[in-house]
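Participant: Here it is, the structure in full.
Just so it is clear, none of the values below were taken in a lab; they were calculated from the coordinates. Computed from a predicted structure; not experimentally measured. Reconstructed Cβ throughout: ideal geometry from the backbone, glycine too, with neighbour counts over all protein chains shown.
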Amino acid sequence: MHTGATNYYDGKWQPSLSGKTLDSINPANSDRVLGTYARSETADVEAAAQSAANAYHSWRLTPAPKRGTVIFRMGQLLEAHKEQLAQQMTAEMGKVIVEARGDVQEAIDMAYYIAAFGRMPNGHIAPSEREDIFCMAQRVPVGVVGLITPWNFPIAIPSWKMFPALIAGNTIVFKPAEDTPGLAVSFVELLIEAGIPSGVVNLVTGNGNEAGAALVESKSVSTISFTGSTEVGRHIASRCGQMMKRVSCELGGKNAIVVLDDANLELAIKGALWSAFGTAGQRCTAASRVIVQRGVKKRFTVELVERTRALKLGSGADASIEIGPVVNQAQLLRIDRYVEIGKTEGAQVLTGGSILKDGDLAKGYFYAPTVFDSMEIGMRIAQEEIFGPVTGIIEVESLEEALSAANSTAYGLSLSLYTRDVNNAFRAMRDLEAGIVYINLPTSGAEIQLPFGGMKQTGNGHREAGIMAMDYCTEWKSIYVNFSDSEELVRAQIDTIG
Ligand code: UN1
């Protein structure tokens, strides 16, 4: 379609100014090159940022309900192209087809939800302490917003960031992950079909350390929203801090499921299995720790291991497959290194623990779903995000010990507790240090109408989705109007009362 010419700005598809390209490959079969994309650098990003800055004035003044109409049409187009996008997603980043459909569905839900914001209140009115003064505070756009998005939710996450920013009147420069440029091109093509005006959404494909870094540095970009690793997020946030840019970071997780003796055990096993191995463990909400109370530990472990062994791996395009490949070779090796670290630390591999090389699997990046026993909270595998199909069991005696183990990492995204006791549930809801808490549900599965994001080092305090999604891409303007027509100067605080 746009071989190489995959940057979109000034309303046109263009190649990188240097002529450099990068390829996207199928992680289930690395012989298959899916497409060639622009490898953007500073000059490309600056051109895209300029295009966004030029379009800002007219988009800001476009009535919000009209902006909402474009987003609503985008929802309809995503719905019409759901299957095609899902198949493209499975090919480009490996997740199994049902999950890929779910990823597109999150974007559809987000589009319809945010489109309605075009007719929702966008501020508040407060009484004045003075006579004949009207005052109100209104949300206003921040200007050009730069989005740096990951490959694991290549349609959903751009939509979480983009639709709120657009409804508020901002314009966008979008830098998708280098592993999923094809899906970003498809997403932008649909936005164009939905009627997004020239310059309002601009796309630059390329590497994080080139195009992503240039976006962070660009003087035309007022706000950055980033989802990715804590290491990169820390760097982006500190650069933005120096430049006084707004920045929203959605970073790592080390999520856990707590299973108490009184849990519905069958439900807990299913929840642990899905949270650990869904999306091959490549969700920021994946649970790589299961904290199990001593009374049920043996039964839980036997069942979890048996069901892990039975999981079917292969190309996610085949509907019978449960676990697809991981995204690329670097991730595959990183997961394997973590498993080696776990062994050296004294955890025992009950199943999995290796790169799969049998038959067709050898062509892709497949890691055997892995369960560790004897995981302890101080171990690196219990503290650091692995982002692969690896989980470990930590045994505890009591609810108190379980909650403190769950809270024992630097992260705080998603924590879950399985219990049938209402008192335990409410203690956990109060004491778990996470932006998302589940009772009797897996750690993955957040819905778009509630805020999504984490405490502690999972982020810098922002949330995506829900009405809070508007916070990162707007600022408040307080407005005071004197309608007295009096000649008397009135001042606040000091001369009004009495
Ligand atoms: C992510 O992994 O970055 O709750 C997002 C979930 C999904 C979103 C995950 N709705 O797992």
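Participant: Principal axes first, then extents: for the Cα atoms of region 255-439, list largest minus smallest coordinate on each axis, whole Å, largest first.
Facilitator: Extents along the principal axes: 50, 32, 29 Å.
Participant: Please give the FRET efficiency for Asp421 paired with Glu487, using the beta carbon to beta carbon distance and R0 = 60 Å, rounded to the nearest 0.05.
Facilitator: In this case the efficiency is close to 0.30.
Participant: Among Met120, Met375, Met162, which comes first, second and so on when ranked by fewest other beta-carbon atoms within 10 Å?
Facilitator: Met120, Met375, Met162
Participant: Follow-up. Count charges around Met468 for me, please; just the other residues with Cβ under 14 Å from its Cβ, Lys/Arg as +1, Asp/Glu as -1.
Facilitator: With Lys, Arg at +1 and Asp, Glu at -1, the net is -1.
Participant: Let me ask something additional. Note down the nm distance, to one decimal, between modelled labels 7 Å out along Cα→Cβ at Ile341 and at Met468.
Facilitator: 2.8 nm
Participant: Based on the Cβ-Cβ distance of Glu193 and Thr42, what FRET efficiency does E = 1/(1 + (r/R0)^6) give at R0 = 41 Å, to the nearest 0.05?
Facilitator: So the FRET efficiency works out to roughly 0.85.
Participant: Taking the inverse of the average 1/r across all pairs of different Cα atoms in the chain, what Kirkwood radius in Å do you get?
Facilitator: Evaluated over the chain, this radius sits at 23.8 Å.
Participant: What FRET efficiency do you get for Met136 and Met244 if R0 is 25 Å and r is their Cβ-Cβ distance, rounded to the nearest 0.05?
Facilitator: Here the calculated transfer efficiency is 0.40.
Participant: If you place +1 on the Cβ of every Lys and Arg and -1 on the Cβ of every Asp and Glu, how big does the dipole about the Cα centre of the chain come out, in debye to the nearest 20?
Facilitator: Dipole magnitude for the chain comes out near 420 debye.
Participant: Also, I was wondering about something else. Got a sec? How would Lys175, Lys298, Lys20 order by Cβ neighbour count within 10 Å, fewest to most?
Facilitator: Lys298, Lys20, Lys175
Participant: Hey, another quick one. Straight-line reach from Lys270: which aspartates and glutamates have Cα under 20 Å away, leaving out those fewer than 8 places along the same chain?
Facilitator: Leaving aside aspartates and glutamates fewer than 8 places away in the same chain, those within reach of Lys270 are Glu99, Asp261, Asp262, Glu303, Glu306, Glu322, Asp373, Glu395, Asp421, Glu447.
Participant: Whole percent per 5 Å bin, from 0 to the bin with the longest distance: what is P(r) over all C-alpha pairs of region 380-498?
Facilitator: It works out to 2, 9, 14, 17, 13, 10, 6, 5, 5, 5, 5, 4, 3, 2, 1, 0, in whole percents.
Participant: Give Lys245/Lys477; Lys66/Lys219; Lys95/Lys312 a once-over and call out the pairs whose C-alpha atoms are over 22 Å from each other.
Facilitator: Lys66/Lys219
Participant: How long is region 152-288 along each principal axis, judged by its Cα atoms, biggest number first, in Å?
Facilitator: 57, 38, 28
Participant: Once fully extended, how much extra length lies between Glu433 and Trp476, figured as 0.36 nm per residue of separation less the alpha-carbon to alpha-carbon distance?
Facilitator: Full extension from Glu433 to Trp476 adds 12.6 nm.
Participant: For region 305-368 and region 87-141, write down the distance between their C-alpha centroids in whole Å.
Facilitator: Each part's Cα centre sits 36 Å from the other's.
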